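Asks: Take this structure, written in structure tokens, and hold onto it; I'll ask about it next.
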Amino acid sequence: MRPVRAGLPSDSMTPDSISEFAQARRLVVKVGSALLVQGGEARGAWLASLAGDIAALRTGGSQIVIVSSGAIALGASRINLARGGRGSLADAQAAASVGQIALASLWSQALAEHGLVAAQMLLTLDDLEDRRRYLNASATFERLLEAGAVPVVNENDSVATSEIRFGDNDRLAARVAQASGAEAVLLLSDVDGLYDRDPGTEGAMLVTRVEGVSEAVLAMASGASSSGLGSGGMTSKLQAAQIAERAGIALAIVNGTHEAPISRALASETGTIFAPKRSSSARQAWLGGRLSPKGVLTVDDGCAKALEDGASLLAPGIIEVWGEFVRGDLVTVVNARGDRLAQGLCEYSALDCHAIIGVRQDAQEAKLGYAPRAAVIHRDHLVRL
């Protein structure tokens with residue numbers, strides 16, 4: 001058995017075209033509710049054609065992980081819940097409980113037509129935020145893929161609360177790509193990709209390639225799900241792209257509405273490619289992809305420059321502390337203008353951080369009542385954003 005890579009692709013790819021995604025050694029394909037479910041029922045012919053695409057990719061040498069929405073939409077129709085099961089958290093949990101069985105069955109049958117075995121994996125945000133559980137998930141992905149199975153992943157909405165939910169499967173797909181050691185992600189959407197403005201407006205142009213998700217790129221997006229069935233929109237897809245690019249994973253948004261959507265996108269070369277920014281260490285990739293910081297440290301310009309140069313975060317550079325956190329919790333680091341600079345594991349509680357704001361190390365023991373640590377966030381536990 002090969003060693004688990006703990007979520008870092010062994011050979012990062014930088015595709016110049018959509019068709020090159022078929023060359024990924026390991027590929028995550030994300031399927032949204034609006035594509036899979038119509039009128040409370042699965043789009044059977046469409047799903048069969050997608051299963052054919054997945055089988056073709058497997059024949060070409062790619063290992064495939066599927067991240068599939070649809071459990072809530074399928075379940076809601078079966079127990080007659082209003083608003084597609086999204087009227088309340090309790091409704092969503094109930095709908096998911098029913099729909100997860102239906103969703104797993106659909107994928108199992110569709111893949112079995114091509115001699116492929118589906119393996120269900122239900123994850124919550126905590127499963128990928130906690131380092132030990134993240135490594136356990138990585139090991140499971142590795143063993144399933146080695147055994148020839150096709151993991152089908154969904155958020156475990158039947159137990160997830162608002163505090164421990166991804167809330168959309170776009171970001172889940174990017175985190176699954178990390179955990180499974182994938183080189184690339186395909187997000188199947190209801191549009192051809194990212195447009196420079198609302199695609200329904202005159203003159204809107206498809207953006208074919210993005211080198212870094214900047215504030216200008218984020219401003220192009222709409223946050224809403226156009227169908228009302230899912231929880232994501234273009235904003236969540238761009239957030240997924242940010243997670244992927246930091247981890248050295250290529251990502252593309254392509255139109256999934258047609259039958260055989262992957263083969264069609266590969267042949268037409270239509271979509272938006274997000275190039276990987278850098279290939280981080282496994283631990284830094286995990287830190288950079290985490291989504292639930294417990295607090296915020298605001299730093300001065302001198303500290304911000306030091307962080308950019310690879311230094312640890314020291315107390316003299318802190319000007320404000322926000323949130324309630326304990327030692328070892330994830331915190332975000334921002335500058336005085338509120339721009340996100342980094343995130344990492346804090347060596348102090350929020351209370352102790354307040355005590356040493358702006359204080360030099362030789363004066364910290366008197367404030368803390370114990371010998372200070374080397375840094376507030378050590379550079380080995382810090383990733384720049």
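Asks: Starting from the Cα of residue 208, step 7 Å along the direction of its Cβ; do the same at residue 23; then give the gap between the two resulting points in nm.
Replies: Once both label points are built, they end up 1.7 nm from each other.
Asks: Taking the Cβ of each residue in 220, 205, 234 as the centre, tally the other Cβ atoms inside 10 Å and list the residues starting with the fewest.
Replies: 205, 220, 234
Asks: Continuing with the same structure: I need the helices of the chain that pass two filters: whole DSSP H segments spanning 20 Å or more by Cα along the axis, and mean Kyte-Doolittle score no lower than -1.0.
Replies: Details: long enough: 44-59 (22 Å, 0.86); 89-112 (33 Å, 0.93); 131-146 (22 Å, -0.84).
Helices meeting the criterion: 44-59, 89-112, 131-146.
Asks: Give me the percent relative contact order of segment 293-384, please, defined on Cα pairs under 8 angstrom at least 6 residues apart.
Replies: After rounding, I find 34 percent.
Asks: If you don't mind, there's one more thing I want to ask. What FRET efficiency comes out for the pair residue 59/residue 133, r = Cβ-Cβ distance, R0 = 30 Å, nearest 0.05? Each step should come with its number before you reach the end.
Replies: Values: r = 33 Å, r/R0 = 1.11.
About 0.35, to the nearest 0.05.
Asks: Using C-alpha positions alone, give me the convex hull volume of segment 80-226 per residue in cubic angstrom.
Replies: That works out to 164 Å³ per residue.
Asks: If I take every Cα pair under 8 Å that is 6 or more residues apart in segment 18-286, average their sequence separation and divide by the length, what percent do I get for the relative contact order?
Replies: Normalised by residue count, the contact order of segment 18-286 is 23 percent.
Asks: Next up: Starting from the 7 Å offset along Cα-to-Cβ, what nm value, one decimal, do you get for the label separation of residue 219 and residue 88?
Replies: 4.1
Asks: Rounded to whole Å and sorted largest first, list the principal axis extents of the Cα atoms in the chain.
Replies: 70, 53, 44
Asks: What does the extension gain come out to for residue 309 and residue 159, with contour length at 0.36 nm per residue minus their alpha carbon separation?
Replies: Net length gain for the segment: 49.8 nm.
Asks: Using the basic label-point model (7 angstrom from Cα toward the beta carbon), what is the residue 326 to residue 38 distance in nanometres?
Replies: Result: 5.1 nm between the two label points.
Asks: Only loop residues by DSSP count here, and only those with at most 15 other Cβ atoms within 10 Å; note down the trypsin sites (Lys or Arg not before Pro) in segment 327-358 that meet that.
Replies: Answer by residue number: 327, 337.
Asks: For every helix of n ≥ 4 consecutive DSSP H residues, a contribution of -39,500 (n - 2.57) applies; sum these over the chain, divide by its total residues, and give [θ] at 222 nm rounded to the nearest 500 deg cm²/dmol.
Replies: Per the formula, -10500 deg cm²/dmol.
Asks: Now, a different point. When we measure straight from the Cα of residue 367, which lysines land under 22 angstrom away, once same-chain ones fewer than 8 places off are left out?
Replies: none
Asks: Compute the length gained on full extension between residue 120 and residue 80: take 0.36 nm times their separation in residues and subtract their Cα-Cα distance, giving the result in nm to one decimal.
Replies: 11.9 nm
Asks: Once fully extended, how much extra length lies between residue 143 and residue 366, figured as 0.36 nm per residue of separation less the alpha-carbon to alpha-carbon distance?
Replies: On the way: separation 223, 0.36 × 223 = 80.28 nm, distance 5.17 nm.
Result for the pair: 75.1 nm of gain on full extension.
Asks: Let me ask something additional. Over segment 293-384, consider all pairs of different Cα atoms and compute the Kirkwood hydrodynamic radius from their mean reciprocal separation; express it in Å, one decimal.
Replies: This gives a value of 12.6 Å.
Asks: Okay, next question. How big is the convex hull of the Cα atoms of segment 34-134, per residue, in Å³?
Replies: It comes to 111 Å³ per residue, whole-number rounded.
Read the figures in this text as sums done on the coordinates, not as results from a lab. Computed from a predicted model, the values in this text were never measured in an experiment. Neighbour counts are summed over all protein chains in view; Cβ atoms, including those assigned to glycine, are modelled from backbone coordinates with ideal geometry.
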